[in-house]
1. Yes or no: residue 61 crowded, with 17+ Cβ neighbours inside 10 Å and within 30 Å of residue 206 (Cβ to Cβ)?
2. Being within 25 Å of residue 150 (Cα to Cα) and in contact with a strand residue (DSSP E or B) (Cβ under 8 Å, 6 or more places away or on another chain) narrows it down to one of 354, 344, so name that one.
3. Does residue 280 satisfy the condition of being free of Cβ contacts under 8 Å to residues at least 40 places away in the same chain, surrounded by fewer than 21 Cβ atoms within 10 Å (Cβ to Cβ), more than 30 Å from residue 455 (Cα to Cα) and within 18 Å of the chain's Cα centre (by Cα)?
4. Go through (1) modelled with pLDDT under 95; (2) more than 22 Å from residue 329 (Cβ to Cβ); (3) assigned to a strand (DSSP E or B) and name the single condition residue 186 misses.
5. Residue 391: more than 28 Å from residue 162 (Cα to Cα), over 26 Å from the mean Cα position of the chain (by Cα), surrounded by fewer than 16 Cβ atoms within 10 Å (Cβ to Cβ) and modelled with pLDDT under 95, yes or no?
6. Please give the number of the condition residue 181 fails out of (1) more than 21 Å from residue 317 (Cβ to Cβ); (2) assigned to a helix (DSSP H, G or I).
7. When you look at residue 376, is it within 25 Å of residue 332 (Cα to Cα), in contact with a helix residue (DSSP H, G or I) (Cβ under 9 Å, 6 or more places away or on another chain) and not assigned by TED's automatic domain parsing to the domain that holds residue 130, yes or no?
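The values are calculated or read from the model by the stated rules, or taken from the named source; none is laboratory data. Predicted model, so just to flag it, every value in this text is computed and none were measured. For neighbour counting, all protein chains shown are included, and Cβ atoms are generated from backbone atoms with ideal geometry for every residue, glycine included.
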């Protein structure tokens, strides 16, 4: 490992230091920045152009002067020490413990950027993960190895939903090792306390690793934290044979940090001021989910992002939707009605749900019930909109029935307690109870044999 020291810092712009006259420096290399008063800060090479390098300072550049610093290039990329002992612990955005517990003795050091996965070695996601939330399990099924984002907005309870998924998520097979990696970036102190208290209250902390980056922490940590979380996940999944669920919240703060750094580098901005490589950068995070042939473990990802101004055409949700396999959309009007979790099921989607449902995975009638509920709820919503324009008197009897169905669906199926952990059988039962409100002739998307077997008999005349 070659280390080189320079006193040729030329300029400081935001969190960046420009260094002249360098040689043999590589992108992503770590640096030690030593001040004349003995203070030490860490940094990372962000750009190399000929004999010039741009270094990003982890702790920020406040109080620094170019002539007072010695920059030592360490010849290695940013790494994290990983170990099974990380389970049950809380770390900061650089991977240092903040829960007053002992330091982790690493089994190995790993580059946080990970190794690219050979596409041929990828295995197709096809195993159901139960989150205990009906709107996800039954209608937008999460499959092991999938990346399924939650699209939310400011003021909506995405933090509560993310914590609930982290607490309740499990595979259906018994005896499998399951872990949750929870990475929060750019959150407030109150949110941080909520997550930690919630995990400890429910005992979920025992199988979880928490990485917390607060809003006043340096932006460089926000860039690193999803990669640190995913590197830990890859170690637990592919070397320890665990099924790992990675929850990243809030990706909007990550993208804002990316924009801040891009602006400091004076790059030509793309859409809405975000860098032109936002798509590529996000894909380096999302594409680290998946399964590998011959390996027991897997990584399933749930990124959470808040859409600025509730706009799903905003670059962050727009690009995320391209890369990931579906989206769970949180709805403001459902939240205003006091419904939790306010998941808008109609525009929500899980592209891999067909592979994770059915006999042997969930239950034989799952796909039929899902299709019938979608169809009936969509018709009920349309009838409600029509009633607003024309009045209820203009609706037919069957349309009025669908209106009642839509209200009952929101109240009984979508609405769920924050600590209510429904099995897939519970969700299916609620679905059948709701379908019993409709005449049997309307159940066109469900096989007759399933109607005979599962439809409540008292309503089945």
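1. Working: crowded, with 17+ Cβ neighbours inside 10 Å: yes; within 30 Å of residue 206 (Cβ to Cβ): no.
So residue 61 fails the test.
2. Details: 354 fails: in contact with a strand residue (DSSP E or B) (Cβ under 8 Å, 6 or more places away or on another chain).
Result: 344 is the single residue among 354, 344 that is within 25 Å of residue 150 (Cα to Cα) and in contact with a strand residue (DSSP E or B) (Cβ under 8 Å, 6 or more places away or on another chain).
3. Details: free of Cβ contacts under 8 Å to residues at least 40 places away in the same chain: yes; surrounded by fewer than 21 Cβ atoms within 10 Å (Cβ to Cβ): yes; more than 30 Å from residue 455 (Cα to Cα): yes; within 18 Å of the chain's Cα centre (by Cα): yes.
So residue 280 fits the description; yes.
4. (2)
5. Working: more than 28 Å from residue 162 (Cα to Cα): yes; over 26 Å from the mean Cα position of the chain (by Cα): yes; surrounded by fewer than 16 Cβ atoms within 10 Å (Cβ to Cβ): yes; modelled with pLDDT under 95: yes.
Yes: the conditions hold for residue 391.
6. With respect to (1) more than 21 Å from residue 317 (Cβ to Cβ); (2) assigned to a helix (DSSP H, G or I), residue 181 is out only on (2).
7. Numbers: within 25 Å of residue 332 (Cα to Cα): yes; in contact with a helix residue (DSSP H, G or I) (Cβ under 9 Å, 6 or more places away or on another chain): yes; not assigned by TED's automatic domain parsing to the domain that holds residue 130: yes.
When the stated conditions are applied, residue 376 passes them.
Per-residue answers, yes or no, for (1) in the same structural domain as residue 162 (by TED's automatic domain parsing); (2) part of a strand (DSSP E or B); (3) modelled with pLDDT of 95 or more:
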| residue | (1), (2), (3) |
| --- | --- |
| 206 | yes, no, no |
| 213 | yes, yes, no |
| 223 | yes, no, no |
| 230 | yes, no, yes |
| 240 | yes, no, no |
| 282 | yes, no, yes |
